[in-house]
Amino acid sequence: MSVQSSVEVHTEWGIVSARQAGRNLAKEIGFGSVDQARVTTAISELARNIYLYAEKGEIIIETIEQYHSSGAKKGIKITAKDRGPGIKNIREVMEDGFTTSGGLGAGLPGVKRLMDDFDIDSVVGEGTVITAVKWLR
Amino acid sequence: MRIPILKLQQYLLISVQVDLDDQTALQFQEDLLNKIHQEGSAGVVIDLTSVEMIDSFIAKVLGDVVEMSNLMGARVVMTGIQPAVAITLIDMGIILDDVPTALDLEQGLEKLQQELEE
């Protein structure tokens, strides 16, 4: 059975709560301190994007399992969902240093590098869903 | 929440004991600059031993406060960055250029002394 928690992000405190929920679950599954930091940081970036660009949205954090011939592997999956303005040019936001907020422009490309799997689904005017997975090694 | 800033002779010492949220980080930036101004401090050590996560926003706030302090004439050294935090920052492609660092508070103070003697 998968453990799931969902955190609403519409204030800065939502960013902190999402981060904490992610760290707790990562610890529970058995991630080491470095991967815990990676997962927590990725959640922080995704939650901040929701707060900055969509004003409100949701971070869902869950455990997932994948079965192979060689056995099963476990991981943590982060889904960041919002009904904000959407992303016009996904290639642009995935470039290092691209920013519209005056930040470092490390957010989304950073999340992609911190996690193992990464996917963006965005429709302009409707919203954005970003999923990112870290597998337990 | 406010991060306490301690004065030790001509230095200011800060030990960040929590994972920073945005507001606390920005408040800290302002508090530190005001304190440097009030006390006429020559150097600052920011110890990050207890910080388990630095994301791009917090990294920017910390990098900025170092530059702002330099503008005012105070040197800043950051100490105690945890392995997981260092790895995550580099993974993210965040490079804190021109930020002097040291392993711990003691070495941080030594480094400050050296920098100020130069």
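The values are calculated or read from the model by the stated rules, or taken from the named source; none is laboratory data. All of these numbers come straight from a predicted model, not from anything done at the bench. Because the Cβ atoms are built from the backbone with ideal geometry, glycine has one as well, and the counts that use them run over all protein chains shown.
Residues of the range B:42-58 being within 14 Å of the chain's Cα centre (by Cα) and within 14 Å of chain A (Cβ to nearest Cβ), which ones?
Selection gives B:L48, B:T49, B:S50, B:V51, B:I54, B:I58.
Let me spell it out: the conditions are (1) among the acidic types (D, E); (2) over 24 Å from A:L52 (Cα atoms); (3) under 13 Å from the mean Cα position of the chain (by Cα), and B:E39 meets all of them except one. Which number is the exception?
(3)
Restricted to the range B:87-103, and to residues that are at pLDDT below 95 and surrounded by fewer than 16 Cβ atoms within 10 Å (Cβ to Cβ), which residue is nearest to the other protein chains (Cβ to nearest Cβ)?
B:G93
What number goes with the only condition from (1) touching a residue at least 12 places away in the same chain (Cβ under 8 Å); (2) more than 11 Å from chain A (Cβ to nearest Cβ) that B:E30 does not pass?
Among (1) touching a residue at least 12 places away in the same chain (Cβ under 8 Å); (2) more than 11 Å from chain A (Cβ to nearest Cβ), the lone unmet condition for B:E30 is (1).
When the range B:8-27 is examined, which residues are found to be more than 14 Å from every other protein chain (Cβ to nearest Cβ) and not hydrophobic (A, V, I, L, M, F, W, C)?
B:Q9, B:Q10, B:Y11, B:S15, B:Q17
Which members of the range B:90-107 meet the condition of being of a type in the set (V, I, T) and assigned to a strand (DSSP E or B)?
Answer for the range B:90-107, where residues must be of a type in the set (V, I, T) and assigned to a strand (DSSP E or B): just B:T101.
Considering each of A:E62, A:E55 in turn, give the residue that is surrounded by 13 or more Cβ atoms within 10 Å (Cβ to Cβ) and on the phi > 0 side of the Ramachandran plot.
Going through A:E62, A:E55 in turn, just one is surrounded by 13 or more Cβ atoms within 10 Å (Cβ to Cβ) and on the phi > 0 side of the Ramachandran plot: A:E55.
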